[in-house]
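Novice: Sharing a structure, written as structure tokens. Questions coming.
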Amino acid sequence: MSKSNIANTTPFGSKRIASVDVFRAITMFLMIFVNDFWTLTNVPEWLGHKAANVDGIGFSDVIFPAFLFIVGLSIPYAIKSRRDKQQNNTTILKHVFKRTLALIVMGIFMVNFENINAQALIISKHLWEIIMVIAIFLVWLYYRPFEHTGKHKILLLQTIGVALFVFLAAIYKGGSTGHMEWMKTHWWGILGLIGWAYLFNTVIYIYLGKRIVFLIMAFIIFQLLNIQEFTSFTQIPTFKLVVSASMHASVCAGMVAGSLLLKYQRLNKEPVFIMALLILAAASLIYGFLMRPYWGGFSKIRATPSWTSVCIGISAMSFLMIYIIVDKLKFSLWARPFKIAGTNTLTCYVMPYFVYPILVMTGGFSLFEGLSDGNVGLLKSLLFSFAIIAIVAMLNKIKIKLKI
């Protein structure tokens, strides 16, 4: 038999699910792409983010919730892997808390950079950003390939990274000239939002993950909490689990999908998994559109319940389509250019924060003058996204990557 035929006869219960990495890779690529729109002019309206007061969903509005869905999708497999290594809940929780702390710290520094007062800094804001990325790499570099250099040297590098973070925090100035502010959470940043949603959902999975019905109940509760953010129930005050329940619901939806995949893969019932995922996608889309007239319509900025549910439906349907193409039909060659973004995701996300300031400080942006408008600009942003992936791939060859 040919390799392709062997692949096609591999039982559902024993094959590795490649579509998870492919879905993650494509989502990260698109995140880099849409995050580059700030360098463009005349971006088509349907591609950008909708304003907070507009009832609608742009293409950019569905990328982040898709990534949250993938975070949840990966949780059941990550916990299973650690339990297969005989790790107990306490050990797993320590890892979860360390990972959450890393995401929150990175998110806070990144979101504070967006609110920096360049005129009040003692150094260039672009240099501040470069030092931030260097600190991230020093603290959270995957040091295992370099263990031969000695633990003391690795500890020294991590200590230098922490010292750089302290330095950046000490010199930070934000706000306006008449109202200076120090660093604060603002909206936690993308990584911070991911960190909090990851923490709550992973803890739920650790203790309740053996019963999918409990995960579905948690998903419903997060949806209700998202609703109460817009209209409090009788005698129950409006509150948030640190961040909007929209984030928790998106991760929990992915976690339900991942649990279904894990369960029916173990039972070797692929059709049941496909049907269950289809039901999740369809129910979320229908519910989201039914909710649209209430509690704010579609709005990413305000994280409305209808936007949350529709994006969950889009994410689930997208994953199902990629699963069928990659894992069922075995057509995956097209995804090879994105591959590194699915395995070195954090490195891909952080890298633009290093590249942008270098382009500014070296005058590199001037090379793209006249290439930032309309369709030409979109092509430039696509090429920039591929360039980021290429840089990360080259770094990966010399074993430099982030891992938390």
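Novice: Looking only at the range 310-321, decide whether some residue is under 26 Å from L30 (Cα atoms) and among the polar types (S, T, N, Q). Break it down into steps so the answer makes sense when it comes.
Specialist: Residues of the range 310-321 under 26 Å from L30 (Cα atoms): 310-321.
So of that shortlist, the ones also among the polar types (S, T, N, Q) come out as 315, 318.
Checked against the condition, which is being under 26 Å from L30 (Cα atoms) and among the polar types (S, T, N, Q), the range 310-321 yields at least one hit.
Novice: Can we say G313 is on the phi > 0 side of the Ramachandran plot and of a type outside the set (A, V, I, L, M)?
Specialist: When the stated conditions are applied, G313 does not pass them.
Novice: (1) part of a loop (DSSP other than H, G, I, E, B); (2) in contact (Cβ under 8 Å) with a residue 40 or more places away in the chain; (3) within 26 Å of F97 (Cα to Cα); (4) open to solvent by 20 Å² or more (accessible area, probe 1.4 Å): which one isn't true of A303, the others all being true?
Specialist: The number of the failed condition is (4).
Novice: Looking at V139, V166, can you tell me which residue is modelled with pLDDT of 95 or more and open to solvent by 80 Å² or more (accessible area, probe 1.4 Å)? Even if it seems obvious, please write down each step before you answer.
Specialist: Numbers: V139 fails: open to solvent by 80 Å² or more (accessible area, probe 1.4 Å).
Step by step, each of V139, V166 is checked, and only V166 is modelled with pLDDT of 95 or more and open to solvent by 80 Å² or more (accessible area, probe 1.4 Å).
Novice: Now for a different question. If a residue has to be part of a strand (DSSP E or B) and not hydrophobic (A, V, I, L, M, F, W, C) to count, how many in the range 176-218 make the cut? Break it down into steps so the answer makes sense when it comes.
Specialist: Narrowing the range 176-218 to residues part of a strand (DSSP E or B): 176, 179-181.
Still in the running and not hydrophobic (A, V, I, L, M, F, W, C): 176, 179, 181.
Residues meeting the conditions: 3.
Novice: Those residues that are open to solvent by 30 Å² or more (accessible area, probe 1.4 Å) and farther than 16 Å from I26 by Cα, I need them from the range 373-396; list them, please.
Specialist: D373, N375, V376, L379, I391, M394, L395, N396
Novice: OK, next. Please verify whether S81 is open to solvent by less than 60 Å² (accessible area, probe 1.4 Å) and at pLDDT below 95, treating the condition exactly as stated.
Specialist: Against the criterion (open to solvent by less than 60 Å² (accessible area, probe 1.4 Å) and at pLDDT below 95), S81 qualifies.
Novice: Inside the range 109-125, can you point out the residues that are under 24 Å from the mean Cα position of the chain (by Cα) and either under 22 Å from V392 (Cα atoms) or open to solvent by 40 Å² or more (accessible area, probe 1.4 Å) (or both)?
Specialist: If the condition is that a residue be under 24 Å from the mean Cα position of the chain (by Cα) and either under 22 Å from V392 (Cα atoms) or open to solvent by 40 Å² or more (accessible area, probe 1.4 Å) (or both), then F109, M110, E114, N115 are the ones that fit.
Novice: Looking at this structure, is I57 under 13 Å from the mean Cα position of the chain (by Cα), at pLDDT 95 or above and over 20 Å from G195 (Cα atoms)?
Specialist: Considered against the rule, which asks whether it is under 13 Å from the mean Cα position of the chain (by Cα), at pLDDT 95 or above and over 20 Å from G195 (Cα atoms), I57 comes out as no.
Yes or no, residue by residue, for (1) open to solvent by less than 20 Å² (accessible area, probe 1.4 Å); (2) small (G, A, S); (3) at pLDDT below 95:
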site: Y294; (1), (2), (3): no, no, yes
site: F298; (1), (2), (3): yes, no, no
site: G313; (1), (2), (3): yes, yes, no
site: S318; (1), (2), (3): no, yes, no
site: I325; (1), (2), (3): no, no, no
site: K339; (1), (2), (3): no, no, yes
site: L346; (1), (2), (3): no, no, no
site: G363; (1), (2), (3): no, yes, yes
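Novice: Looking at the range 128-159, which of its residues are free of Cβ contacts under 8 Å to residues at least 60 places away in the same chain and either within 13 Å of A102 (Cβ to Cβ) or touching a strand residue (DSSP E or B) at 6+ places or on another chain (Cβ under 9 Å) (or both)?
Specialist: Within the range 128-159, W128, A135, L138, V139, I154, L157, Q158 meet the criteria.
Novice: Applying the selection to the range 368-383, what residues are among the charged types (D, E, K, R) and in contact with a strand residue (DSSP E or B) (Cβ under 9 Å, 6 or more places away or on another chain)?
Specialist: Scanning the range 368-383 gives a single hit, D373.
The values are calculated or read from the model by the stated rules, or taken from the named source; none is laboratory data. Note that the structure is predicted; figures quoted are calculated from it, not measured. Glycine also receives a Cβ, built like all others from the backbone with ideal geometry; neighbour counts cover every protein chain displayed. We work out accessible area using only protein heavy atoms, side chains counted, and drop any ligands, DNA or RNA first. Shrake-Rupley method; radii C 1.70, N 1.55, O 1.52, S 1.80 Å.
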